[in-house]
Amino acid sequence: QYMAPEQLEGKEADARADLWALGCVLYEMATGKRAFEGKSQASLIAAILEREPTPILELAPLSPPALEHLVKRCLAKDPDQRWQSARDVMHELRWIAEAGSQAGVPAPVAARRARRNRLAWGAAIAGLVVAIGALATLLWTRHPPALAPARFSITSPGSDAIQTDYPSAAISPDGRRMVFALVDSTATSRLWIRPLDSFSAQPIAGTDNALFPFWSPDSRFIAFFADGKLKKVAVGGGYPETVGDAPDGRGGSWSREGVIVFAPQATGPLLRVSSDGGEAVTVAKPDSARGETALRFPCFLPDGRHFLFVGLPKKRGEFDVHIGDLGSRANRVVMTAGSAPVYAEPGYLLYGRNGRLVAQKFDRSRLRPVGKAIPLGDAPPPCPAEAAPPSCPPARDVLVHVAARSPNTELAWFDRAGRRTGTIELPPARYEYPSVSPDGRLAVVTKIMSAASGDLWIVDLERGIPTRATFDGSVAAGGGAIWSPDGSRIAYQCNPSGPYDVYEVLASGTGQPEPLVQSSAAFKMPGGWSPDGKYLVYGQIGEATGWDIWLMPLQGERKPVPYLRSPFNEIGGDVSPDGRWLAYSSDETGSYEIYVQSFPVPGERHRITTSGGAQAQWSRDGRELIVVGGAWFTTLAGPIFSVPVQTTPTFKAGTPRLLFTPRPDLPGIAALRDPTRFLAAVPVEGSARPSITVIMNWQAALKRK
C-alpha cells in the first residue's frame, strides 16, 4: 500500500518515494482509510498506478484544505511533481500548524472554523512537524532504504490461456516490456507484448506457434522459434524475419555483438549465427565420451563471448552445466543443476533444483559459481522440454516466470457436443494426460508430485478409485501412456537412468515396471500398439532427422526397425483396428498435420487434415478418426474433430468435422474407442487461471537469507 509507482514499475527510486509513503500515512491518519486499496495485489497495483484517492475533505470535512494540497502533492504519480525533499514537507506542515484549520480556506469561512478546530489540528500537525523533522534529518544523512520484494501476477487479457507447458514469458533487458505466449481455442500459441507501465497487451503479428522467446540486448527485437525456423520480430512493428533453420528449437541467447547461439534441434549441437541471418556454424557439440546426446538452452554472460548451456541426458537427477566460448569449440562443466541456468546481474545464476527456484553467486572473473544456492520459491510447473530454465534472464531488478503452481484437476466426462456430463471424484491432486483403456473401464493418468516428479495412477472409472502404478517419480512430464490391445499393460515414457526410455507396467498394479525400448537416444515416446500385439510403435529423436517413427517387434529378437525417418518430424502412431494403417502427425508442411500410411510397411499415404493435427485415434470399428487439432504435437486439448474413414478395400477419408472446442488450459483429453464420450483433466472449479509471476526487487530476498 505504501510503494510509489516508480518502485512498482522497477524504475530508479530516490527519497521522493519515501515522500509518497509519507503521503499515504498522512492520508490514513487524516481519514482512517488507506489511500489505495484493492482485493488483490494486481488490483492494488492498478489503483496505485492509475487512480487517485478519494479527496480527504470528502472523508474528513473538518480537515484543513491545505493538508489536502500537501498530501495530494506527496501522491503525485510523477516524482518530479511531488515535493522534492522532506524539508519542503516540514515547512508546509509548520505553516498549516500555525494557520490551523483555516489554512487554505477563504477568509470568511476560515474565521468560522478557526476556533473550533485550531487546537486539535494544531496539536496533531505540530507532532507531525517533529516527526517530519526527524525524517528529513534521516533522509539527508543516509541512502534510501532497501526495497522489499513485491510480487504480483499477470493473467491473460481475454479467454485465451497463458502457455504454461513451455517457458513462454520474457522481460526485456531495459525492464520496460514483457513478451508472453497465449494459447487460443484452436490450440495455437501466439506472442503478445505488454509494457509494464500499461494494463493492455497486444498480439504480435506473424508469431503463430512461437516457442521459447528471447530478447535482443537493446530490447528492440524478440527472437523465437516457429514453423521449423529461428525468427526475429521488431518490437516497433513489422513482420517476423527468418534468421536460420531450427526444425525443433530448444532455446537461444542473443549477445551484444549481434551473435545468436541456439539449439536448432531437440538433440545435437549448439549453433551460432548472426542476428541478421546467414550461415549457422557449430559452436559446441555433445561429448559422446560423456554420454551426451543434446546441448540446450544457452545463455550469454555479460562479456558477450562466454555462454552457459546444459548437456543431456540427466545424471543422478541433474544436468551438467557447461561454459562455452565463441572463440573455441572447447567447453567445460562448471556445475550441475536441475535445469538450464540464466545469468542475472550483478552476478547470480538462477536455476531449478529439487522443485525450487534458486539463486547462486557467480564469479565472472573465474567463470564459475561460488557459495551456496539460495532458495527463492517454488519452481514453475514441469516442462516437456527437458532442462528448460525456470525463468527468463531478469532485467535490472525484475524477475518473471510462469506461476509456480498449477491448479489441481479433476476427471470429467464430455459428450460429442462438448457438454460436461459427469465428474469422477478423486482425492485433490494435479492429474494430467488421461488415457482410457480399450474396454472403457479404466483410465491411466499422470499424477504430478512436484515440478520434477510424476507417477502413473490407474483410475477405476466406475468407482472413482485410483491405484498407484509407478513409484519412482520418473514419468515424463510430456505424458504419453498407452494401453496394450487387451488392456493388460500400459507403455509409458520415463527416465529412471538418464535417457527417456519406454517402459511397461501391468494394469493390475502388480509386479515392477519393465523396459520395452532402451537405447542411447535421448528421447523415446510410445505411440501405439498393433492390434495383434506384434509391434509397439514409438517415436525416437535422431540428431539429423528429428522425431522419427520406429517399430519394436514384441516377438523374436526384439530388434527395433525404423518405420518413417525423414528430414521432418513424425510423431505418434495409432494403428487401425484391422492392422493395415497407421495414423500419425508430421510437420512436413511447416505445421503438424495428421497423415495415414500403410502398415507395417510404409507405402500408400493420405493426408487427413489441413488446419493442424496434433493427435489421432481410431474408433473401435475403424470407421472414424478422432483428431485433436493444433500446430504442435504436444497439444493436449485442441479442437476435437471427427473424420469419417474407410479402410477396406482401399483407404478413403472424408472431411474433418468439428465436434467441439475444449478450453485451452486442459492438461489432456482422450476419447473412448466407441467414441461416444471424452475424458478430460479439468482444473477444479475456482482454481486460479494460469498466470505469470512478476517479482520486483527480487534481489532483496537474497539479502534476507
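Within segment 1-42, if we keep just the residues that are closer than 21 Å to I171 by Cα and not in a loop (DSSP other than H, G, I, E, B), the residue that is most open to solvent (accessible area, probe 1.4 Å) turns out to be Q41. Pairs are defined by a Cβ separation below 8 Å, a sequence spacing of at least 6 or placement on different chains, a first member in segment 652-671 that is without any contact (Cβ under 8 Å) to a residue 12 or more places away in the chain, and a second member that is open to solvent by less than 10 Å² (accessible area, probe 1.4 Å); the pairs so defined are G654/V643. For A701, state whether it is surrounded by 15 or more Cβ atoms within 10 Å (Cβ to Cβ), in contact with a Pro (Cβ under 7 Å, 6 or more places away or on another chain), modelled with pLDDT under 85 and of a type in the set (G, A, S). Yes: the conditions hold for A701. In a residue-by-residue description of segment 393-406, the property of being at pLDDT 90 or above and touching a Cys at 6+ places or on another chain (Cβ under 8 Å) applies to at least one position. Residues of segment 61-75 include at least one that is closer than 26 Å to L8 by Cβ, at pLDDT 55 or above, open to solvent by less than 60 Å² (accessible area, probe 1.4 Å) and not in a helix (DSSP H, G or I). Across segment 355-396, the number of residues qualifying as touching an Asp or Glu at 6+ places or on another chain (Cβ under 9 Å) and among the charged types (D, E, K, R) comes to 3. The requirement of being more than 24 Å from G668 (Cα to Cα) and basic (K, R) is satisfied by R580. Filtering segment 472-499 to residues that are within 19 Å of L442 (Cα to Cα) and not in a strand (DSSP E or B) leaves G479, G480, A481, S484, P485, D486, G487, S488.
If you go through segment 188-209 and keep only what is of a type in the set (A, V, I, L, M) and over 14 Å from I222 (Cβ atoms), you end up with just L196. The single residue among G237, G206 that is touching a strand residue (DSSP E or B) at 6+ places or on another chain (Cβ under 9 Å) and either over 23 Å from D303 (Cβ atoms) or in a loop (DSSP other than H, G, I, E, B) (or both) turns out to be G206. Taking only pairs six or more apart or across chains, which ones have beta-carbon atoms under 8 Å, a first residue in segment 38-55 that is closer than 14 Å to A76 by Cβ, and a second residue that is hydroxyl-bearing (S, T, Y)? What qualifies is P53/Y27. What number of residues within segment 244-279 are in a loop (DSSP other than H, G, I, E, B) and either touching a residue at least 40 places away in the same chain (Cβ under 8 Å) or buried (at least 19 other Cβ atoms within 10 Å of the Cβ) (or both)? Residues that pass the stated criteria total 15.
Just name the residue that is modelled with the highest pLDDT out of those in segment 148-173 that are open to solvent by 40 Å² or more (accessible area, probe 1.4 Å) and in contact with a strand residue (DSSP E or B) (Cβ under 8 Å, 6 or more places away or on another chain). Looking at the filtered set, the residue picked out is P173. Note on segment 185-203: among residues that are in a loop (DSSP other than H, G, I, E, B) and not small (G, A, S), the one that is surrounded by the most Cβ atoms within 10 Å (Cβ to Cβ) is T188. Filtered by the rule that a residue be assigned to a loop (DSSP other than H, G, I, E, B), open to solvent by 20 Å² or more (accessible area, probe 1.4 Å) and touching a residue at least 40 places away in the same chain (Cβ under 8 Å), segment 356-379 gives R364, L367. For first residues located in segment 480-496 and within 19 Å of A385 (Cβ to Cβ) and open to solvent by less than 50 Å² (accessible area, probe 1.4 Å), partners that are at pLDDT below 95 and among the acidic types (D, E) and lie 6+ apart or on another chain with Cβ distances below 9 Å form the pairs Q493/D501; C494/D472; C494/D501; N495/E386; N495/D501.
Residue-wise test of (1) in contact with a Gly (Cβ under 8 Å, 6 or more places away or on another chain); (2) assigned to a strand (DSSP E or B); (3) at pLDDT 95 or above.
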| residue | (1), (2), (3) |
| --- | --- |
| G418 | no, no, yes |
| Y433 | yes, yes, no |
| G454 | yes, yes, no |
| R463 | no, no, no |
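Just one residue in the set F471, F523 is in contact with a strand residue (DSSP E or B) (Cβ under 6 Å, 6 or more places away or on another chain) and among the aromatic types (F, W, Y); that residue is F523. Just to be sure before I move on: is S406 open to solvent by 30 Å² or more (accessible area, probe 1.4 Å), more than 26 Å from K315 (Cα to Cα) and either touching a Lys or Arg at 6+ places or on another chain (Cβ under 9 Å) or aliphatic (A, V, I, L, M) (or both) in the structure I sent? When the stated conditions are applied, S406 passes them.
For segment 280-295, filtering for residues that are open to solvent by less than 40 Å² (accessible area, probe 1.4 Å) and among the acidic types (D, E) leaves 1. Of all the criteria given as (1) open to solvent by less than 10 Å² (accessible area, probe 1.4 Å); (2) over 17 Å from L182 (Cβ atoms), the one not satisfied by G630 is (2).
The values are calculated or read from the model by the stated rules, or taken from the named source; none is laboratory data. Keep in mind the model is a prediction, meaning the values are calculated, not measured. Here the Cβ is made from the backbone with ideal geometry for all residues, glycine too, and neighbour counts use every protein chain on show. Note: areas computed on protein heavy atoms with side chains; ligands, DNA, RNA excluded. Shrake-Rupley method; radii C 1.70, N 1.55, O 1.52, S 1.80 Å.
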